[in-house]
Amino acid sequence: MNSNLAWDDFRLIKAIADHDGLTGAANALGVNHSTVFRRLGQIEEQLGLPLFERRKTGYVATVAGTEMAALANRMDEDVTAFGLRLAGRDVAPSGEVRVTTTDTLYLNVLLPIFAAFRQAHPLIRLDIVVGNQTLNLSKRDADVAIRANDSPGETLVGRRLATLNWAIYGRAQDGLTPAEQADPKALFQRDWVALGDQLGYVKAARYVRERVAPERIALKSSAVLGMTEAVEQGFGIGPLPCFIADQRPGLVRLMPPDPEFSTGLWILTHPDIRHAPRVRAFMDFCGNELAKKRGLIEGTG
């Protein structure tokens, strides 16, 4: 048996194990299906034993395949950790900083701050990843995260900048009726706009789901900005972040910010690169600028 395996062989076995088959592995590795099929056969022949059981439901790793995939994962983690340590030894505030945040924060709060940062640090380039998914800072999916979260993760370092508050908003022209002023529960007789099932974990989504009758939900949106536009167009009332809705003259608060909706706003990075000059410069600058906007974020001014 010739067991002189290359790192790419381990990566291939790990990809097949991670994706339970050849197609997903091929997509993850950026090669075609036949290449993965052929190389797996060569590796198994080289080792003299099968690494996967071929089933109708997919490829299931044998004991040897599981051990090889686990070793590949440890090797990947070691390489990632080495890269993080090297990145933490940068000697000048230059290079690229990859930042993950949400579309709402990016468009309504962060973009002017990023522009000012770029003017202050022209040698640092920004790569902004916008989305609601949480990227893995430990895997270097991003260098810095600016996110709303009550549990940002024990393995990350950073600071809590503010409390991100939400409130119930409607069109300014509709306002509150005398009955609603006397009893806010009357608001539940109106049509509502809600977050879609994709964002069902958000506190504001749970609030609507638990209190508003399904037939009163006129529109669901998978994006907070889409929900904001729908409220402004008169589809119904709904919970919105104060930092978005308070900047729109066409919207008015119908109830004060509700602590049930609140989450912390954090700026976070991985401990291994926290002292990298480019990361430290970004964290310090953006953290300070966001702290100045605390009133907007918290809905108090």
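Remarks
- Residue match in the range 288-300 (condition: acidic (Asp, Glu) and farther than 30 Å from PRO178 by Cα): yes
- Of the residues making up the range 252-301, those that are farther than 21 Å from LYS203 by Cβ and of a type in the set (Val, Ile, Thr) are VAL252, THR269, ILE273, VAL279.
- Any chance ARG190 is farther than 28 Å from GLY287 by Cβ, charged (D, E, K, R) and in contact (Cβ under 8 Å) with a residue 12 or more places away in the chain: yes
- Selected residue (criterion: surrounded by the fewest Cβ atoms within 10 Å (Cβ to Cβ)) from residues of the range 121-132 that are more than 19 Å from THR102 (Cα to Cα) and touching a residue at least 60 places away in the same chain (Cβ under 8 Å): HIS121
- Considering the range 206-241, the residues that are among the small types (Gly, Ala, Ser) and part of a helix (DSSP H, G or I) include one that is least open to solvent (accessible area, probe 1.4 Å), namely ALA230.
- Counting only strands (runs of 3 or more DSSP E) that sit completely within the range 16-120, those holding 2 or more residues that are open to solvent by 80 Å² or more (accessible area, probe 1.4 Å), within 30 Å of ILE297 (Cβ to Cβ) and of a type outside the set (A, V, I, L, M) correspond to 95-101.
- Screening the range 242-285 for residues that are among the acidic types (Asp, Glu) and assigned to a loop (DSSP other than H, G, I, E, B) and picking the one that is least open to solvent (accessible area, probe 1.4 Å) gives ASP258.
- The number of residues in the range 286-301 being crowded, with 17+ Cβ neighbours inside 10 Å and not in a helix (DSSP H, G or I) comes to 2.
- Candidates GLY175, GLY153: the one that is of a type in the set (Gly, Ala, Ser), closer than 24 Å to GLY200 by Cα and at pLDDT below 90 is GLY153.
- Within this structure, THR163 fails the test of being modelled with pLDDT of 85 or more and either aliphatic (A, V, I, L, M) or over 24 Å from SER262 (Cβ atoms) (or both).
The values are calculated or read from the model by the stated rules, or taken from the named source; none is laboratory data. Only a predicted model underlies this, so the values are computations on that prediction, with no experimental measurement involved. We place every Cβ from the backbone using ideal geometry, glycine too, and count neighbours over all the protein chains shown. Ligands, DNA and RNA are stripped out before the accessible areas are found, and what is left, the full protein with its side chains, is counted by its heavy atoms. Shrake-Rupley method; radii C 1.70, N 1.55, O 1.52, S 1.80 Å.
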